[in-house]
1. Given (1) modelled with pLDDT of 90 or more; (2) surrounded by fewer than 22 Cβ atoms within 10 Å (Cβ to Cβ); (3) not hydrophobic (A, V, I, L, M, F, W, C), where does PRO503 come up short, assuming only one miss?
2. Please go through (1) open to solvent by 30 Å² or more (accessible area, probe 1.4 Å); (2) among the hydrophobic types (A, V, I, L, M, F, W, C); (3) within 21 Å of the chain's Cα centre (by Cα); (4) modelled with pLDDT under 70 for ALA48 and return the number of the only condition it doesn't satisfy.
3. Considering the stretch 472-483 alone, what residues qualify as being at pLDDT below 95, open to solvent by 10 Å² or more (accessible area, probe 1.4 Å) and not in a strand (DSSP E or B)?
4. In the stretch 506-518, which residue that is part of a helix (DSSP H, G or I) and over 22 Å from SER253 (Cα atoms) is most open to solvent (accessible area, probe 1.4 Å)?
5. Could you look through the stretch 596-615, keep only residues that are under 14 Å from ILE731 (Cβ atoms) and in a helix (DSSP H, G or I), and pick out the one that is most open to solvent (accessible area, probe 1.4 Å)?
6. Which one is nearest to LEU119 (Cα to Cα), of the residues in the stretch 440-453 that are open to solvent by 10 Å² or more (accessible area, probe 1.4 Å) and either in contact with a strand residue (DSSP E or B) (Cβ under 8 Å, 6 or more places away or on another chain) or in contact (Cβ under 8 Å) with a residue 40 or more places away in the chain (or both)?
7. Could you run through the stretch 568-594 and say how many residues are at pLDDT 90 or above, under 21 Å from MET729 (Cα atoms) and aliphatic (A, V, I, L, M)?
8. So which residues in the stretch 519-542 are outside any helix (DSSP H, G or I) and in contact with a helix residue (DSSP H, G or I) (Cβ under 7 Å, 6 or more places away or on another chain)?
Amino acid sequence: MEEPRLVEEATTNDINGQSNEEERDPESNSLRQPLLKRNRTLSSSPFALVGAKVSHIESLDYEINENDLFKHDWRRRSRAQVLQYVFLKWSLAFLVGLLTGVTATLINLAIENIAGYKLRAVVNYIDDRRYLMGFAYFAGANFLLTMIAALLCVCFAPTAAGPGIPEIKAYLNGVDTPNMFGATTLFVKIIGSIAAVSASLDLGKEGPLVHIGACFASLLGQGGPDNYRLKWRWLRYFNNDRDRRDLITSGSSSGVCAAFRSPVGGVLFALEEVATWWRSALLWRTFFSTAVVVVILRAFIEYCKSGNCGLFGRGGLIMFDVSGVSVTYHPADIIPIAVIGILGGLLGSLYNYVLHKVLRLYNLINEKGKLHKLLLALSVSLFTSITMYGLPFLAKCKPCDPSLPGSCPGTGGTGNFKQFNCPNGYYNDLATLLLTTNDDAVRNIFSVNTPGEFQVSSLIIYFALYCILGLITFGIAVPSGLFLPIILMGSAYGRLLAIAMGPYTKIDPGLYAVLGAASLMAGSMRMTVSLCVIFLELTNNLLLLPITMLVLLISKSVGDCFNLSIYEIILELKGLPFLDANPEPWMRNITVGELADVKPPVVTLRGIEKVGRIVEVLKNTTHNGFPVVDEGVVPPVGLSVGATELHGIKKFFLHERRRTEEWEVREKFSWIDLAERWGKIEDVAVTKNEMEMYVDLHPITNTTPYTVVESMSVAKAMVLFRQVGLRHMLIVPKYQAAGVSPVVGILTRQDLRAHNISGVFPHLVKSKSGKKH
């Protein structure tokens, strides 16, 4: 089946009224006639690209639904029950850290051994001067490993392809991304990342580890996979959007910690990059999860140092230890440090721009079907093998320097100085960087006290190659991370700048490589605080703090002048309705009442409503919130909202129009039943006789929803919507009186997106975008 084009294009067509007749306005409430497009109607597309297909996107509801059932349950909870609930939160945080740490260790162990023994075999062929056989083995092994990763993603779990971080960021922002955290996705992500990284592709395991941690968190919170869930009563308390958000935040922190062995950096990554909502209790639990991950990694590394894990376990907890290097600064060093920062911002924004174009091109290829996806991945693998094996033949052999640390040339395919095709006593510096595992490549280029180890020509070739490979590899149907390719590119131009500034600086070239990697990451991903701590924990040298901070600040500032961060670009490409923290300046020039005017009339329900009316509303509307208004009553600001999802397969119909007693409702439902989502209205069979019966909505509606006055600016409403994590926001009139409707309208996430509003009010963007009020 063919896949639609980029959702961004579909959304634009939808707003401009150019979509085909089958597409409907998702905010329309008309129940009896076809949905019509209007030039002045606020419309949006509820679809986004998730995995390999366009899926219908729902918003999550992080608001507490304070209905009568919830209030009754809250009053009945004893202190012991509250403590048990808190204890389970910490227990799940522990399990998230434990599973993520063990899985990360196994992934590292598998990658280091598969890639390590593959490269050893290649080196043996080269030592015997059997170059063609060495290439056949290298390319064949990479081809097979890439095929395994691509087949798993294409056939079983398309959502496992890519890093998964943009989707996690969208989920924590309040966007439900279907099938992103399932058991199949988790399995494919683990096996696929092992195969893809072992295949020498220009990608890392860091992004997939973040996704893996989030998958573990989601599965633990819901009691296991969909078909094999644990039915333990207390686990049901976590099967809601609010608690699952906290668990997934802990899982993403644990994934970063497992990738970089950086517990504090993992917490700050979640705070700075992926989490929209934060509080102190969540901070402690995420820190606890990352502490568990570090303990697990430390224990496995100590065990593997004895040689029980093959080629794994030689790196230690600190991956690139430069603590023994004395770092001294001079006023003249400010110039090269500033240049590194500016270069990082320029190259990072350029990388984002070109990658954006490549991903759009890949979307055109991938929509042709599964075979084209597979062929694209295998073509990239073959090109990678040819360049990584062939380019070292262009490098000149360098004589070994007895003063340099380590054996030269290296033996067994490891170490800083690979002999490759060189005679005894010489080494090939380009082969040292290319024919090695990813972690070893970073260690080699970050190595200190080696000012003359790499030639300028080799570093230029290496930088150009990894720029090309990084652009063409990200986007193929395999699990992939962006961290490592960007680190390797940045470290290459950091080394080059160190050579150029050699006579004018005292800073070690290895430290320039660290600063170059940090600058490019800040220029592309636009992170500062978390990156700074991650690099400090990676290098184990606190003296790098001042210059690292300066480089990161300059890089981010320069990059922000040109385009968005790479993850925000991917969010836009996928069409995920992410709400940014900063509204557009022109959004202060329009009120929520004006937005309500360009939307179809809001659909309301009565407190005691006929079953047939409810079924009709649920089947003929695509939004998910309905104000419940009693006839003849002017309600206060607090109004109630009902949801369209099927909350449990239970019927509680009344033969006559009456209010139910509290005990009647409690016998049938608990507030947990209402928090869980089980299906859609189409899944319930309602007979003709039942259609004439009644439902009392009072006990199950949210009696304290968030409301805004119609005169509030859209910018202020959007900030409130995002920070609280709402799914619906009611608009109430500025003045309430008899005859005035108690509800002006209802806003959803799609209504507050600048892209959708600008399609209805283009004059605001053109004439007032530069004015701030």
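The values are calculated or read from the model by the stated rules, or taken from the named source; none is laboratory data. Bear in mind the structure is a predicted one, so any value in this text is a computation, not a measurement. FYI the Cβ positions are ideal-geometry reconstructions off the backbone, even for glycines, and counts take in every protein chain you see. Note: accessible area is taken over every heavy atom of the protein model, side chains too, but ligands, DNA and RNA are not part of it. Shrake-Rupley method; radii C 1.70, N 1.55, O 1.52, S 1.80 Å.
1. All conditions are met except number (1).
2. All conditions pass for ALA48, except number (1).
3. GLY475, ALA477
4. Residue satisfying both the conditions and the ranking: PRO509.
5. Out of the qualifying residues, it is ASP597.
6. ARG443
7. 4
8. Once the filter is applied, which keeps residues that are outside any helix (DSSP H, G or I) and in contact with a helix residue (DSSP H, G or I) (Cβ under 7 Å, 6 or more places away or on another chain), the stretch 519-542 yields ARG526, MET527, THR528.
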